[in-house]
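Visitor: Got a structure here, written out as structure tokens. Questions coming.
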Amino acid sequence: MQSMDIYVGNLSYDTTDSRLNDAFAGFGEVTRATVIKDRDTGRSRGFGFVEIADADQARAAIEALNGTELDGRVITVNEARPRSESRPRSGGGGYGGGGGRY
């Protein structure tokens, strides 16, 4: 039995971790339910992640809940993609310029 992470998008700013947990609990053992919050303001960023202990149950939750309403918003539910490696930000320093002639 392998767990699966689920991405939940278009959440209401009022949705809490426990409300997110409750929405998915009917499908299997929820091991984590987290609404992502802005680091500076503490306000919801409108998406979150749920981990369900059994991948088959997680797929059933995705199928059943994608496009349904939660706290007044139609939510997007799908399998979370693995976090990609952070790419270096472009646009800094101007050290790379063209080759000058001497």
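The values are calculated or read from the model by the stated rules, or taken from the named source; none is laboratory data. Keep in mind that this is a model prediction, so the values were computed, not measured. Counting neighbours? That spans all protein chains shown, and the Cβs are built from the backbone with ideal geometry, glycine included.
Visitor: Can you name the condition, by its number, that A55 falls short on among (1) touching a strand residue (DSSP E or B) at 6+ places or on another chain (Cβ under 8 Å); (2) free of Cβ contacts under 8 Å to residues at least 40 places away in the same chain; (3) of a type in the set (G, A, S)?
Guide: (2)
Visitor: Residue check: is D38 surrounded by fewer than 14 Cβ atoms within 10 Å (Cβ to Cβ), modelled with pLDDT of 95 or more and either over 11 Å from D71 (Cβ atoms) or of a type in the set (G, A, S) (or both)?
Guide: Considered against the rule, which asks whether it is surrounded by fewer than 14 Cβ atoms within 10 Å (Cβ to Cβ), modelled with pLDDT of 95 or more and either over 11 Å from D71 (Cβ atoms) or of a type in the set (G, A, S) (or both), D38 comes out as yes.
Visitor: Could I ask something else about it? Can we say D22 is surrounded by 12 or more Cβ atoms within 10 Å (Cβ to Cβ), closer than 18 Å to T76 by Cβ and not hydrophobic (A, V, I, L, M, F, W, C)?
Guide: So D22 does not fit the description; no.
Visitor: Does region 65-76 contain any residue that is in a helix (DSSP H, G or I) and in contact (Cβ under 8 Å) with a residue 40 or more places away in the chain?
Guide: Yes, region 65-76 contains at least one residue that is in a helix (DSSP H, G or I) and in contact (Cβ under 8 Å) with a residue 40 or more places away in the chain.
Visitor: I would also like to ask the following. Scanning for something modelled with pLDDT of 95 or more and either under 28 Å from Y13 (Cα atoms) or surrounded by fewer than 11 Cβ atoms within 10 Å (Cβ to Cβ) (or both), does region 80-99 turn up at least one residue?
Guide: yes
Visitor: So, in region 6-16, how many residues would count as being farther than 18 Å from E63 by Cβ, among the polar types (S, T, N, Q) and touching a residue at least 40 places away in the same chain (Cβ under 8 Å)?
Guide: Adding up the residues that qualify gives 2.
Visitor: Return yes when A33 is free of Cβ contacts under 8 Å to residues at least 24 places away in the same chain, within 12 Å of the chain's Cα centre (by Cα) and under 14 Å from L70 (Cβ atoms) and no when it is not.
Guide: Here the answer is yes, as A33 does meet what is asked.
Visitor: Would you mind stating whether R19 is touching a residue at least 40 places away in the same chain (Cβ under 8 Å) and outside any strand (DSSP E or B)?
Guide: Yes: the conditions hold for R19.
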